[in-house]
Structure formats: C-alpha cells, structure tokens
Amino acid sequence: MITAGQMRAARALLGIDQKTLAEMAGLSLPTIQRMEASEGNVRGVVESLTKVIDALNRAGIELIGDGAQSLAGGRGVRLKQSSTPN
C-alpha cells in the first residue's frame, strides 16, 4: 500500500511534478491527481498502483510501511506517529 502523502513526499524528494510521475509510470495525469487526492491509502486500480510504486522504486525511492525498518542505505524522511489521537 501507498498513501497519498507518500506519493507527494516521493515526488518532492525526486523534485518532479505530477505530470513527470505520470510519464514515468505510464499513466495519465488525471490518474495521478486522483491518487494523490485520496484520503489515507491511495485508492485505485491495483495495476495502476503497481506502476506508480515500480516507477518510484526505479527512481530510487524506498517506500516504508508503518512499523517497517529501512534496511537500505541512503537518505530519507519518515513521518513520526502522532502522539495525539485524530
């Protein structure tokens, strides 16, 4: 799974816009826009989600799930779990 926030953060780390991500993933710009407009986990066709994740991986982005460790080297950022309930 990937969240809309992870997609936006990944694009920011790569310094790319939504159009460039769409081209990298072989998807349309409106598809990327809909994905990033999702609340929480991105909703969409599994094949499209896979294309985005694969494109980000090829570009050097490691997506880290909740509670997962990042064993690879390199710089990155991670959002801390909020101490206050939403």
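The values are calculated or read from the model by the stated rules, or taken from the named source; none is laboratory data. Predicted, not measured: the structure shown is a model, and the values here were computed from it. Here Cβ is always computed from backbone atoms with ideal geometry, including for glycine, and neighbour counts include all displayed protein chains.
Some observations on this one:
- Members of region 16-53 that are more than 15 Å from Leu63 (Cα to Cα), at pLDDT below 95 and assigned to a loop (DSSP other than H, G, I, E, B): Ala37, Ser38, Glu39, Arg43, Gly44, Val45
- When restricted to residues that are loosely packed, with under 13 Cβ neighbours inside 10 Å and either closer than 17 Å to Gly65 by Cα or in contact with a Pro (Cβ under 6 Å, 6 or more places away or on another chain) (or both), region 9-40 contains 2.
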